[in-house]
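Note sheet for the following structure.
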């Protein structure tokens, strides 16, 4: 199909900052889509008469309905960084559209700060929880984040204080690239800036004494709220090693408990996915809260019995069965799964251990018995306090 759609990055100085090619594409359009702010920038004679605002919630359907007409879409700066460009390109053929990017907010912010972009964390928090920042918080980190509006800057400062990073310096960058551009600075502790423009980006220089999430598998148990139903740190590290998360893969965490396995799977790479299944509503709610707080809010928590739900779940690349294994569930899993899926199951009771030993004998894989002891007070001295041994069966279907 011939090219009919122009995706145009528009800066704060409006059409005056557009390249000749961008101006020509905009002038040739019969219909222009954009947010109210973008459409206001091209108001007046010489621009397409028919202008339409994006629907709320956002949808590409109105643009696709005009396939074949000359259409322009306005976006902020680079249309492919949290912009409409990515959504449209995903459903159009390559020859149907052309993009005309302008300097992105990341480039403008880095230019004001004098920071190397390749050394800066960039996050879009305008439609995401602050928790997305949590796995990255470490003193010395430099980050550029977009926020939903001016009020969100104070909210971010409060969140940083609550996480123990109140010494972080926030550089508040308003209306970057336009005549009304303003740059102000304040510390999260005692943040008092007011009148912040809704079009805002914040550059962070992280500092403080908050807990830092390590990058190795096996986060300290204290990062997770739980009622005792948690795969403890050393065992969790071994489980994640056997599960071997890879970019883009989906995990089923059956019997999610506190959600610790699914959360660490998601923290392994931003493109991983996880579905947790938990029969106890209280534990399910706790797992969701843990995921939100630790930056793994994309954990998809389903409530119910695993045996009842697995038939309708999308095919995974890995499964963790932390407890509650029973013959019917293992049989259903084995029948349900395509080849190549990695299954890791844990047992603590003798009955479940026998079940896994039998499965290992029939189906192969690796059977590992894990026995851990920790030094603890014994009178006035110390001794080894043993935990219940855990049997781990790992196998590839």
query = In the list 126, 136, which residue meets the criterion of being surrounded by fewer than 16 Cβ atoms within 10 Å (Cβ to Cβ) and over 24 Å from residue 41 (Cα atoms)?
reply = 136
note = Among residues of segment 161-185 being touching a strand residue (DSSP E or B) at 6+ places or on another chain (Cβ under 6 Å) and surrounded by fewer than 17 Cβ atoms within 10 Å (Cβ to Cβ), the residue nearest to residue 243 (Cα to Cα) is 169
request  = Take segment 234-254 and flag every residue that is closer than 19 Å to residue 388 by Cα and crowded, with 18+ Cβ neighbours inside 10 Å.
outcome  = 235, 236, 238, 239
Matching residues in segment 222-245 - criterion: being in contact (Cβ under 8 Å) with a residue 24 or more places away in the chain and in a helix (DSSP H, G or I) = 223, 234, 235, 236, 238, 239, 240, 241, 242, 243
request  = Go through segment 76-94 and give me each residue that's more than 19 Å from residue 39 (Cβ to Cβ), within 19 Å of the chain's Cα centre (by Cα) and assigned to a helix (DSSP H, G or I).
outcome  = 86
request  = Quickly run through segment 206-217 and pick out the residues that are at pLDDT 95 or above and in contact with a helix residue (DSSP H, G or I) (Cβ under 9 Å, 6 or more places away or on another chain).
outcome  = 206, 208, 210, 211, 213
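Test of understanding: among 121, 117, 92, 74, which residue is buried (at least 16 other Cβ atoms within 10 Å of the Cβ) and touching a helix residue (DSSP H, G or I) at 6+ places or on another chain (Cβ under 7 Å)? Explain how you work it out, then say what you get.
Details: 121 fails: buried (at least 16 other Cβ atoms within 10 Å of the Cβ); 117 fails: buried (at least 16 other Cβ atoms within 10 Å of the Cβ); 92 fails: touching a helix residue (DSSP H, G or I) at 6+ places or on another chain (Cβ under 7 Å).
One residue alone meets the criteria, 74.
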query = Does residue 69 qualify as being in contact with a helix residue (DSSP H, G or I) (Cβ under 7 Å, 6 or more places away or on another chain) and over 17 Å from residue 9 (Cβ atoms)?
reply = no
key: Leading residue by the ranking (farthest from the chain's Cα centre (by Cα)) among those in segment 11-34 that are surrounded by fewer than 16 Cβ atoms within 10 Å (Cβ to Cβ) and part of a loop (DSSP other than H, G, I, E, B)   = 30
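For (1) under 20 Å from residue 331 (Cα atoms); (2) without any contact (Cβ under 8 Å) to a residue 12 or more places away in the chain; (3) surrounded by fewer than 20 Cβ atoms within 10 Å (Cβ to Cβ), each residue gets a yes or a no:
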residue	(1), (2), (3)
269	no, no, yes
278	yes, no, no
287	no, no, no
290	no, no, no
293	no, no, yes
297	no, no, yes
300	no, no, yes
305	yes, no, yes
request  = State yes or no: is residue 202 touching a helix residue (DSSP H, G or I) at 6+ places or on another chain (Cβ under 8 Å), over 26 Å from residue 278 (Cα atoms) and modelled with pLDDT of 95 or more?
outcome  = yes
task = Within segment 246-287, track down each residue that is farther than 13 Å from residue 226 by Cβ and assigned to a helix (DSSP H, G or I).
result = 262, 264, 265, 266, 267, 281
task = Quick one: residue 73 ticks every box in (1) assigned to a helix (DSSP H, G or I); (2) within 29 Å of residue 125 (Cβ to Cβ) except a single one, so which number is it?
result = (1)
query = Is there any pair linking a residue in segment 157-173 that is in contact (Cβ under 8 Å) with a residue 60 or more places away in the chain to one that is buried (at least 19 other Cβ atoms within 10 Å of the Cβ), with Cβ under 6 Å and at least six apart or on different chains, and which?
reply = 173/109; 173/201
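If the requirement is being in contact with a strand residue (DSSP E or B) (Cβ under 9 Å, 6 or more places away or on another chain) and assigned by TED's automatic domain parsing to the domain that holds residue 227, which of these qualifies: 342, 380, 362, 293?
Working: 380 fails: in contact with a strand residue (DSSP E or B) (Cβ under 9 Å, 6 or more places away or on another chain); 362 fails: in contact with a strand residue (DSSP E or B) (Cβ under 9 Å, 6 or more places away or on another chain); 293 fails: in contact with a strand residue (DSSP E or B) (Cβ under 9 Å, 6 or more places away or on another chain).
Only one candidate qualifies: 342.
Is it the case, given these coordinates, that residue 97 is under 30 Å from the mean Cα position of the chain (by Cα) and outside the structural domain of residue 182 (by TED's automatic domain parsing)? Break it down into steps so the answer makes sense when it comes.
Values: under 30 Å from the mean Cα position of the chain (by Cα): yes; outside the structural domain of residue 182 (by TED's automatic domain parsing): yes.
The answer is yes for residue 97.
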query = Going through segment 319-339 one residue at a time, which ones are in contact with a strand residue (DSSP E or B) (Cβ under 9 Å, 6 or more places away or on another chain) and over 17 Å from residue 396 (Cβ atoms)?
reply = 322, 323, 324, 325, 329
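Can you find even one residue in segment 41-48 that is within 29 Å of residue 122 (Cβ to Cβ) and assigned to a helix (DSSP H, G or I)?
The first filter runs over segment 41-48 and keeps only residues within 29 Å of residue 122 (Cβ to Cβ), leaving 41-42.
After this cut, where a residue has to be assigned to a helix (DSSP H, G or I) as well, the list is 41.
For segment 41-48, residues within 29 Å of residue 122 (Cβ to Cβ) and assigned to a helix (DSSP H, G or I): present.
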remark   = Sole miss for residue 82 among (1) in contact (Cβ under 8 Å) with a residue 24 or more places away in the chain; (2) in contact with a helix residue (DSSP H, G or I) (Cβ under 8 Å, 6 or more places away or on another chain); (3) surrounded by 13 or more Cβ atoms within 10 Å (Cβ to Cβ) is condition (2)
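The values are calculated or read from the model by the stated rules, or taken from the named source; none is laboratory data. Since we're looking at a predicted model, the values are computed, not measured. Cβ sites come from the backbone with ideal geometry, for glycine too, and all protein chains shown count toward neighbours.
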